[in-house]
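Notes follow the structure.
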Amino acid sequence: MALQVVSTISNSSLLQPGFSLLNFGGHVFFFGQKGWPKRSCPTGVFLLDIKQNELKMKPAFFSKDSCYLPPLRYPALCTLRGNVESDEYQYIIHGGKTPNNDLSDKIYIMSLVSKNSKKTTFQCVEKDLGGDVPEARYGHTINVVHSRGKSMSVIFGGRSYTPLAQRTTERWNSVVDCLPSVFLVDFEFGCCTSYILPELQEGLSFHVSVARNDTIYILGGHSLQNNTRSPSLYKLKVDLPLGSPAVTCTILPGGISVSSAIVTQTGDTEFVLVGGYQSDTQKRLACNTIVLEDNKIEIVERASPDWTPDIKHCRMWFGCDMGKGSVLLGIPGANKQLISDANYFYILRCKGAEEDKEEELTAQICSQTSTEDAGDSTPFEDSEEFCFSAEAHSFDVDDTDTYNEDDEEDESETGYWITCCASCNIDINTWVPFYSTELNKPAMILCSSGAGHWVHAQCMDLSESMLLRLSEANVKYFCNEHVDLNKGLQTPKKVVHLKKQPMKPLRKKATMKLTTPTKKSFLRRLFE
């Protein structure tokens with residue numbers, strides 16, 4: 001086992017506890033950054049490029065038919081293949097925390113659409129589920145099992161917020177263990193079924209799960225209720241006949257008391273377990289080899305790498321599988337770096353140089369790391385880790401397109417994240433889409449007052465139909481602060497006065513005025 005240092009990178013502040021890595025064809029993609037995505041990478045997904053021990057990031061893109069994917073921290077994810085021997089696969093992403101610390105109960109399917117040296121495009125689709133849908137959670141695991149020619153996903157463990165009816169003012173955002181139910185998810189029909197097994201008595205989070213064919217092995221994990229790390233080893237077997245599925249659980253001996261450990265595959269049936277914590281105040285520096293046979297599992301201790309003094313003496317560490325026998329580890333930089341939230345990174349290679357070759361990963365791996373923020377936990381509580389799941393090697397990408405956080409504009413003062421008015425409440429760290437047309441930045445509209453300035457449509461209380469009408473119509477818009485002022489300063493339009501026709505005087509009532517001749521004529525006729 002060889003330990004290699006990765007040079008400090010300028011944009012390492014994005015790589016904070018809670019993110020994940022996706023491995024498509026040996027290329028590593030970062031997902032789940034700290035805060036909401038910026039304009040340089042609106043999808044929040046980056047290609048990681050490691051060259052000469054330096055890590056760089058290149059933005060990835062989504063196809064037009066993709067859904068919105070928030071930067072979820074601490075989700076459960078694994079690969080989904082059509083069958084055990086299929087070369088093509090997708091990633092399942094379930095649960096996790098948003099930058100607002102809201103928990104997600106959604107499930108996404110991400111697949112690679114195209115990849116070249118200039119651009120990588122993904123398709124992300126949200127799956128609609130029915131039945132016993134798992135509640136929003138984080139710190140859990142998801143695996144795919146194959147039985148009788150069919151496949152299903154299995155969700156287990158994790159933490160969620162205390163139910164609203166049980167919350168108090170002092171502990172409003174406290175978390176609890178999810179019930180120890182096993183969920184089967186059928187993506188073909190979009191239905192979920194939960195199972196309560198007598199062998200699973202307490203909730204677990206930040207455990208390790210390894211799946212092979214129709215069997216899942218659950219190792220370690222932390223229980224909030226008892227504040228323990230159980231040494232139990234659980235074997236879940238899923239049978240998928242033509243009728244209802246059958247799920248059984250067996251408790252096996254030989255488990256390890258560990259949480260937030262990392263598993264990487266080194267062979268067809270061989271895995272290596274590294275990292276994690278064996279207590280609230282002690283890291284676990286030992287390593288183990290896990291061998292899976294058809295119906296059994298064997299766990300033996302193996303030689304540990306030569307850990308550096310910084311790793312041995314640090315208060316916490318984190319990391320995850322990078323694929324093909326490699327693990328990416330991180331420790332906090334503390335006061336040794338100018339950037340307070342920057343970290344030191346190491347690559348741990350668990351295979352020898354002669355074994356470091358392309359291998360098909362026939363087993364599904366899902367190791368869940370810790371999930372709480374540092375301020376909400378005690379030292380070594382399972383809260384400081386993040387998830388890596390990719391391969392560390394050089395990629396043929398253009399350095400000119402590499403993302404550099406130093407080149408990013410401060411969007412709190414420019415662009416979409418301005419304070420557009422006195423009542424503006426749009427914040428880059430808490431914003432969520434409001435209109436259906438929004439993806440990863442708020443909708444804005446130009447106020448034509450003076451030289452013109454941009455305002456957020458949401459702050460102007462514009463309905464979606466009005467916003468669409470204004471965007472399509474060729475009219476000037478004035479914000480709430482300038483609409484009245486604009487009306488007062490407007491020069492009245494010149495009114496063309498119509499020429500009025502003189503009105504005819506009203507006729508007076510006719511009165512018979514008999515003239516003298518008339519009287520004579522009248523009398524003459526009277527006496528004739």
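The values are calculated or read from the model by the stated rules, or taken from the named source; none is laboratory data. The structure presented is a predicted model; accordingly, all values stated were derived computationally and were not measured. Cβ: placed from backbone, ideal geometry, glycine included. Neighbour counts: every protein chain shown. Side chains are part of the model used for accessible areas, which takes the heavy atoms of the whole protein and leaves out ligands, DNA and RNA. Shrake-Rupley method; radii C 1.70, N 1.55, O 1.52, S 1.80 Å.
Mind checking which residues of segment 258-305 are acidic (Asp, Glu) and crowded, with 16+ Cβ neighbours inside 10 Å?
Glu270
Give the residue that is nearest to the chain's Cα centre (by Cα), with candidates limited to residues of segment 424-481 that are among the β-branched types (Val, Ile, Thr) and more than 21 Å from Asn101 (Cβ to Cβ).
Result: Thr437.
Given the condition under 23 Å from Cys78 (Cα atoms) and among the polar types (S, T, N, Q), answer yes or no: does some residue in segment 270-285 qualify?
No.
Find the residue count for segment 218-231, including only residues that are open to solvent by 10 Å² or more (accessible area, probe 1.4 Å) and touching a Lys or Arg at 6+ places or on another chain (Cβ under 6 Å).
0
Kindly check whether there is at least one residue in segment 72-79 that is closer than 28 Å to Ser259 by Cα, open to solvent by 10 Å² or more (accessible area, probe 1.4 Å), of a type in the set (Val, Ile, Thr) and over 18 Å from the mean Cα position of the chain (by Cα).
no
Would you point out the residue of segment 88-147, among those that are outside any loop (DSSP other than H, G, I, E, B), open to solvent by 10 Å² or more (accessible area, probe 1.4 Å) and of a type in the set (Lys, Arg), that is farthest from Thr193 (Cα to Cα)?
Only one residue fits best here, namely Lys115.
Is there a residue being exposed (fewer than 10 other Cβ atoms within 10 Å of the Cβ) and either at pLDDT 70 or above or of a type in the set (D, E, K, R) (or both) anywhere in segment 458-468?
Checked segment 458-468: at least one residue is exposed (fewer than 10 other Cβ atoms within 10 Å of the Cβ) and either at pLDDT 70 or above or of a type in the set (D, E, K, R) (or both).
Out of Gly130, Gly139, Gly96, report the one residue that is in contact (Cβ under 8 Å) with a residue 60 or more places away in the chain and touching a Cys at 6+ places or on another chain (Cβ under 7 Å).
Exactly one of Gly130, Gly139, Gly96 is in contact (Cβ under 8 Å) with a residue 60 or more places away in the chain and touching a Cys at 6+ places or on another chain (Cβ under 7 Å), namely Gly130.
When segment 431-449 is examined, which residues are found to be hydroxyl-bearing (Ser, Thr, Tyr) and crowded, with 19+ Cβ neighbours inside 10 Å?
Matches in segment 431-449: none.
Of everything in segment 161-186, what is aromatic (Phe, Trp, Tyr) and open to solvent by less than 50 Å² (accessible area, probe 1.4 Å)? Give them in sequence order.
The answer is Tyr161, Phe183.
In segment 161-229, which strands (runs of 3 or more DSSP E) lie fully inside it and hold 1 or more residues that are farther than 24 Å from Leu292 by Cα?
175-177, 181-186, 191-196
Which count do you get for residues in segment 187-209 that are open to solvent by less than 20 Å² (accessible area, probe 1.4 Å) and within 20 Å of Lys106 (Cα to Cα)?
The total comes to 4.
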